[in-house]
1. Which of the residues that make up segment 29-63 are closer than 20 Å to VAL141 by Cα and not hydroxyl-bearing (Ser, Thr, Tyr)?
2. Out of segment 72-95, which residues are surrounded by 12 or more Cβ atoms within 10 Å (Cβ to Cβ) and aromatic (Phe, Trp, Tyr)?
3. On the given criteria, is ARG34 part of a helix (DSSP H, G or I), surrounded by 13 or more Cβ atoms within 10 Å (Cβ to Cβ) and charged (D, E, K, R)?
4. Can you list the helices (runs of 4 or more DSSP H) lying wholly within segment 97-167 that have 3 or more residues being among the charged types (D, E, K, R) and over 16 Å from HIS12 (Cα atoms)?
5. For segment 62-71, give me each residue that is surrounded by 14 or more Cβ atoms within 10 Å (Cβ to Cβ) and either of a type in the set (A, V, I, L, M, F, W, C) or out of contact with any Lys or Arg (no Cβ under 9 Å at 6 or more places or on another chain) (or both).
Amino acid sequence: MPLPTTKAELLHHLRHAYEALDAEFETVDPSHEREEGLEGGISCCDLIAYQIGWGTLLMGWETEEAEGRMPVMPSPKFKWNQLGPLARSFYHQQSGKSLDQLRHDFADLVQALGCWIDSLSEQELFVPHQRQWTGEKWAMVKWIQVNTIAPYRSARANIRRWKRNRTG
């Protein structure tokens, strides 16, 4: 999928990908929300916890740099070659919440992401080297897409497949 080329397009893609994913949870019976039948052996709750985890990290990187610190990426406790354990930490952090609670938290996060994106200039979003944490190759839009829009779409496909297989 090509990267958005304007802030308005980026916000539209974020909102659309979020709404499409969230709508899939409308028909999940609460008795199945923690069933680990999705691809990767995870539950619907885990799927949302993962999205919340990465969105929170993304915004945290920006906050850390704004406060004069260089963020440790992807997180202080995990390296890039430890993404499986990082994902499991997201599931564990959110393990006490219901699907409805997670959906609410996810909605709040996407709202915050939208406000953050809206506060950025086109240059900050689309020109590389605007932040240290974005590195040498990627503009911020790429980091936003790979940590929100793209995984939201993959997650939607995962949940649709699970629902289809359940009714099979």
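Derivation of every value follows stated rules applied to the coordinates shown; laboratory data play no part. Computed from a prediction, not measured in an experiment: that's the story for all the values here. With ideal geometry, Cβ positions are generated from the backbone for all residues, glycine too; neighbour counts draw on all protein chains shown.
1. Passing the criteria: GLN51, ILE52, GLY53, TRP54, GLY55, LEU57, LEU58, MET59, GLY60, TRP61, GLU62.
2. The answer is PHE78, PHE90, TYR91.
3. The answer is no for ARG34.
4. Ranges flagged: 99-119, 150-167.
5. GLU64, PRO71
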